[in-house]
Amino acid sequence: MSGDFRFAVRPAAPQGRPLERPIPFTKMEGLGNDYIYVEEFERPLEDKAALAVRMSDRHFGVGGDGLVIIGPPAPERAEEADFRMRMFNADGSEGYMCGNAARCVGKYVYEKGLTGKTEIRLQTRAGVRLLQLFPGGGKVEEVRVNMGRPGLRPEDIPVRTEGEDFIAREILVQGEVYRGTAVSMGNPHLVLPWPDLADLPIDSLGPAFEHHPLFPRRVNTEFIQVLNRERVRMRVWERGSGETLACGTGACAVLVACVLNRWTGRRAEIELRGGELAVDWAEDGCVYMRGPARTVFSGEFTGQ
């Protein structure tokens, strides 16, 4: 072989000390939104944020959008919840809520024999969420989640602005003015109409919106095409993870924003890159999301 062969050296993978004991895990996905699920019922995990970074690495770890830890509810919530979910993004930041992960948690605890209930109360950082399981033959293929009431006040999202809401407001990003609607579904979302999602420069726009000074806790950004009154297509940039194939809280925020802007009715099918979710903003004020959950594989993470 002749010539000058050159290549770029990849930055070193996230490193940490070898684990004292292997960590059993299950890789699961909801519409391609894939997380690594680990139990924490007996012995607490150390440095969860660092563990999320190491395990989520798609080249040197298990690979995933983040780490989800399943355990008992906090003592002060024991009367109102059956299980607790903590989710850490791939960058180690802790999220408040993830609808796709919540569905997978429901499937996990039922199929692992941790509960026989088909209605499960799940503690999250955004509050307790009710999961309705649809089992068949000992397996759970779909889960419906009560995602709670959307937050629309700027202080609830949060967004640095005056007024009672942030609906169809102008935002200046990279020298262009966009009009978006901000919604909290336990975590902050910004919903923006886009003419053709195939031409969306999400790798540049996503981080620009995520770190916009309007959003003190950063923001998840949903770019949408309204196809008709019952169907909306979206792509999502998640804070701490980048573009993902699906986001359950994002799909719920999309429906709320569409209703507030009179683009759809109160129920719609939301098309994500990983599949579809049925979302309903019910008359009780809560948003309900129904979709699939799937186990990919299980194993042990040694850190070596």
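Descriptive notes on the structure:
- Here the stretch 73-112 is the region considered, the condition is being touching a helix residue (DSSP H, G or I) at 6+ places or on another chain (Cβ under 6 Å), assigned to a loop (DSSP other than H, G, I, E, B) and of a type in the set (A, V, I, L, M, F, W, C), and the residue that is farthest from Gly148 (Cα to Cα) is Ala90.
- Any pair with Cβ under 8 angstrom, 6 or more apart, that starts in the stretch 264-277 at a residue that is over 16 Å from Trp237 (Cα atoms) and ends at one that is surrounded by fewer than 19 Cβ atoms within 10 Å (Cβ to Cβ) and of a type in the set (Val, Ile, Thr): Thr264/Val226; Gly265/Val259; Arg266/Val259
- Enumeration of residues in the stretch 149-162 that are in contact (Cβ under 8 Å) with a residue 24 or more places away in the chain and either out of contact with any helix residue (DSSP H, G or I) (no Cβ under 9 Å at 6 or more places or on another chain) or farther than 18 Å from Thr249 by Cα (or both): Arg149, Gly151, Pro154, Asp156, Ile157, Pro158, Val159, Arg160, Thr161
- Count of residues meeting criterion [part of a loop (DSSP other than H, G, I, E, B) and open to solvent by less than 30 Å² (accessible area, probe 1.4 Å)] in the stretch 63-72: 3
- Selection over the stretch 163-177 of residues that are free of Cβ contacts under 8 Å to residues at least 24 places away in the same chain, open to solvent by less than 60 Å² (accessible area, probe 1.4 Å) and touching a strand residue (DSSP E or B) at 6+ places or on another chain (Cβ under 7 Å) gives a count of 1.
- Residues of the stretch 178-205 that are in contact with a Lys or Arg (Cβ under 8 Å, 6 or more places away or on another chain) and open to solvent by 80 Å² or more (accessible area, probe 1.4 Å): Arg179 alone.
- With respect to being open to solvent by 30 Å² or more (accessible area, probe 1.4 Å) and in a loop (DSSP other than H, G, I, E, B), Glu46 fits the description.
- Residue count for the stretch 278-287, restricted to those that are open to solvent by less than 40 Å² (accessible area, probe 1.4 Å) and under 11 Å from Val145 (Cα atoms): 4
- Within the stretch 50-62, being more than 18 Å from Pro22 (Cα to Cα) and open to solvent by less than 10 Å² (accessible area, probe 1.4 Å) holds for no residue.
- Flag for Met1 being of a type in the set (A, V, I, L, M), loosely packed, with under 12 Cβ neighbours inside 10 Å and either more than 19 Å from Leu122 (Cβ to Cβ) or modelled with pLDDT of 90 or more (or both): yes
- Condition check for Leu114: open to solvent by less than 10 Å² (accessible area, probe 1.4 Å), among the aliphatic types (A, V, I, L, M) and on the phi < 0 side of the Ramachandran plot: no
The values are calculated or read from the model by the stated rules, or taken from the named source; none is laboratory data. Quick caveat: nothing in here was measured; it's all calculated off a predicted structure. Cβ atoms come from the backbone with ideal geometry, glycine included; neighbour counts cover every protein chain shown. Quick note on the areas: whole protein, heavy atoms, side chains included, nothing else; ligands and nucleic acids left out. Shrake-Rupley method; radii C 1.70, N 1.55, O 1.52, S 1.80 Å.
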